[in-house]
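Peer 1: Can you keep this structure in mind? I'll have questions shortly.
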Amino acid sequence: QVQLVESGGGLVQAGGSLTLSCAASGRTFSTNAMAWFRQAPGKEREFVAGISSSGGLTTYADSVKGRFTISRDNAKNTVYLQMNSLKPEDTRVYYCAARASPYLSSLRGNYNYWGQGTQVTVSS
(Lines give C-alpha, C1' and ligand atoms only; values in the text may rest on other atoms or scores of the structure.)
Protein backbone atom coordinates (compact mmCIF):
# COMPACT_ATOMS: atom_id res chain seq x y z
CA GLN A 1 0.00 0.00 0.00
CA VAL A 2 1.26 3.46 -0.92
CA GLN A 3 0.00 6.71 0.56
CA LEU A 4 0.69 9.98 -1.22
CA VAL A 5 0.55 13.49 0.20
CA GLU A 6 0.90 16.53 -2.06
CA SER A 7 2.02 19.97 -0.98
CA GLY A 8 3.17 23.25 -2.49
CA GLY A 9 0.04 24.45 -4.21
CA GLY A 10 -1.20 28.01 -3.90
CA LEU A 11 -1.94 31.26 -5.66
CA VAL A 12 0.58 32.72 -8.10
CA GLN A 13 0.54 35.41 -10.76
CA ALA A 14 0.80 34.55 -14.42
CA GLY A 15 4.43 34.07 -15.39
CA GLY A 16 5.35 32.93 -11.92
CA SER A 17 6.61 29.59 -10.61
CA LEU A 18 5.57 26.95 -8.11
CA THR A 19 7.06 23.63 -7.04
CA LEU A 20 4.75 20.82 -6.00
CA SER A 21 5.97 17.98 -3.83
CA CYS A 22 4.50 14.54 -3.27
CA ALA A 23 5.70 12.50 -0.31
CA ALA A 24 5.11 8.76 -0.51
CA SER A 25 4.88 6.25 2.30
CA GLY A 26 5.81 2.61 1.96
CA ARG A 27 8.88 0.68 0.97
CA THR A 28 8.19 0.37 -2.75
CA PHE A 29 8.67 3.97 -3.89
CA SER A 30 11.85 3.22 -5.83
CA THR A 31 9.98 0.60 -7.86
CA ASN A 32 6.98 2.83 -8.65
CA ALA A 33 6.62 4.99 -11.72
CA MET A 34 5.10 8.31 -10.66
CA ALA A 35 3.05 10.97 -12.37
CA TRP A 36 1.22 14.23 -11.94
CA PHE A 37 -2.31 14.72 -13.22
CA ARG A 38 -4.59 17.74 -12.98
CA GLN A 39 -8.30 18.38 -13.03
CA ALA A 40 -10.57 21.37 -13.48
CA PRO A 41 -14.13 21.42 -12.09
CA GLY A 42 -16.43 19.41 -14.32
CA LYS A 43 -13.57 18.19 -16.48
CA GLU A 44 -11.75 14.90 -16.74
CA ARG A 45 -8.48 14.39 -14.93
CA GLU A 46 -5.64 14.89 -17.41
CA PHE A 47 -2.05 13.74 -17.53
CA VAL A 48 0.63 16.37 -16.89
CA ALA A 49 3.97 14.57 -16.47
CA GLY A 50 5.36 11.14 -15.66
CA ILE A 51 8.66 9.67 -14.52
CA SER A 52 9.99 6.13 -14.43
CA SER A 53 10.98 4.47 -11.17
CA SER A 54 14.69 5.23 -11.67
CA GLY A 55 14.03 8.77 -12.85
CA GLY A 56 15.79 8.07 -16.11
CA LEU A 57 12.74 8.56 -18.31
CA THR A 58 10.20 11.37 -18.27
CA THR A 59 7.28 12.40 -20.45
CA TYR A 60 5.07 15.49 -20.56
CA ALA A 61 1.76 16.64 -21.92
CA ASP A 62 2.21 18.99 -24.88
CA SER A 63 0.51 21.79 -22.94
CA VAL A 64 3.26 21.89 -20.31
CA LYS A 65 6.32 20.78 -22.26
CA GLY A 66 9.19 23.21 -21.82
CA ARG A 67 7.56 24.85 -18.77
CA PHE A 68 7.17 22.01 -16.25
CA THR A 69 9.79 19.56 -14.99
CA ILE A 70 9.13 16.36 -13.09
CA SER A 71 11.83 14.85 -10.90
CA ARG A 72 12.17 12.44 -8.01
CA ASP A 73 14.40 11.73 -5.04
CA ASN A 74 14.14 8.04 -4.19
CA ALA A 75 16.14 8.54 -1.00
CA LYS A 76 13.42 10.91 0.23
CA ASN A 77 10.45 9.03 -1.27
CA THR A 78 9.41 12.27 -2.95
CA VAL A 79 8.44 13.36 -6.45
CA TYR A 80 8.42 16.98 -7.54
CA LEU A 81 6.79 19.10 -10.22
CA GLN A 82 8.59 22.35 -10.98
CA MET A 83 6.18 24.66 -12.79
CA ASN A 84 7.51 27.76 -14.54
CA SER A 85 5.89 30.39 -16.76
CA LEU A 86 2.51 29.57 -15.28
CA LYS A 87 -0.61 30.55 -17.18
CA PRO A 88 -4.19 31.08 -15.97
CA GLU A 89 -5.17 27.94 -17.85
CA ASP A 90 -2.88 25.94 -15.55
CA THR A 91 -5.35 26.59 -12.74
CA ARG A 92 -6.40 23.12 -11.62
CA VAL A 93 -6.26 20.69 -8.72
CA TYR A 94 -3.01 18.76 -9.14
CA TYR A 95 -2.82 15.09 -8.15
CA CYS A 96 0.17 12.85 -7.55
CA ALA A 97 -0.16 9.23 -8.65
CA ALA A 98 1.90 6.07 -8.21
CA ARG A 99 1.95 3.03 -10.42
CA ALA A 100 2.69 -0.53 -9.28
CA SER A 101 5.21 -0.78 -12.11
CA PRO A 102 8.57 0.84 -12.85
CA TYR A 103 7.45 1.93 -16.34
CA LEU A 104 5.99 5.36 -16.88
CA SER A 105 2.59 5.82 -18.46
CA SER A 106 0.35 8.71 -19.38
CA LEU A 107 -2.83 6.69 -18.87
CA ARG A 108 -4.84 7.46 -15.77
CA GLY A 109 -6.08 3.88 -15.49
CA ASN A 110 -2.52 2.57 -15.13
CA TYR A 111 -2.01 4.30 -11.79
CA ASN A 112 -2.94 2.47 -8.61
CA TYR A 113 -2.53 5.08 -5.89
CA TRP A 114 -3.58 8.72 -5.71
CA GLY A 115 -3.02 11.67 -3.42
CA GLN A 116 -5.76 13.99 -2.22
CA GLY A 117 -4.76 16.83 -4.55
CA THR A 118 -3.44 20.35 -4.13
CA GLN A 119 -4.98 23.48 -5.65
CA VAL A 120 -2.94 25.64 -8.00
CA THR A 121 -4.47 28.97 -8.97
CA VAL A 122 -2.82 31.29 -11.50
CA SER A 123 -4.14 34.83 -11.65
CA SER A 124 -3.95 36.95 -14.78
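The values are calculated or read from the model by the stated rules, or taken from the named source; none is laboratory data. Since this is a predicted model, take the numbers as computed values, not measurements. Glycine also receives a Cβ, built like all others from the backbone with ideal geometry; neighbour counts cover every protein chain displayed. What goes into the accessible areas is simple: the full protein's heavy atoms, side chains included, and nothing from ligands, DNA or RNA. Shrake-Rupley method; radii C 1.70, N 1.55, O 1.52, S 1.80 Å.
Peer 1: Quick one: which residues, 5+ away or cross-chain, put their amide H under 5 Å from the amide H of Lys87? H built at 1.01 Å from N.
Peer 2: Amide H to amide H, under 5 Å and 5 or more residues apart or across chains, Lys87 pairs with Gly15.
Peer 1: Sticking with this structure for a sec: Counting only protein heavy atoms and using a 1.4 Å probe, what share of the accessible area of segment 1-55 belongs to carbon plus sulfur, as a whole percent?
Peer 2: Looking at segment 1-55 in its full context, I get 47 percent from C and S.
Peer 1: Turning to a different aspect of this structure: At R0 = 22 Å, how high is the FRET efficiency between Ser106 and Thr31 if r is their beta carbon distance? Nearest 0.05 is fine.
Peer 2: My answer for the efficiency is 0.70.
Peer 1: What is the percent of Cα-Cα separations in segment 78-124 that go past 15 Å?
Peer 2: The calculated P(r) of segment 78-124 puts 55 percent of pairs beyond 15 Å.
Peer 1: Can you give the convex hull volume per residue for the Cα atoms of the chain, as a whole number of Å³?
Peer 2: Once divided by residue count, the hull of the chain is 89 Å³.
Peer 1: Let me ask another. Which lysines does Lys76 reach when only Cα atoms under 19 Å apart count, and residues fewer than 8 places away in its own chain are ignored?
Peer 2: Within the straight-line cut-off, Lys76 pairs with nothing.
Peer 1: With the other protein chains left in place, how much accessible area per residue, in square angstrom, belongs to segment 6-110 at a 1.4 angstrom probe?
Peer 2: It amounts to 48 Å² per residue over segment 6-110.
Peer 1: In percent, what relative contact order does the chain have, based on Cα pairs under 8 Å that are 6 or more apart in sequence?
Peer 2: Relative contact order for the chain comes out at 37 percent.
Peer 1: Of Asp73, Asp90, Asp62, which is the most mobile in a GNM of the chain whose springs link Cα atoms less than 10 angstrom apart?
Peer 2: In the Gaussian network model the winner is Asp62.
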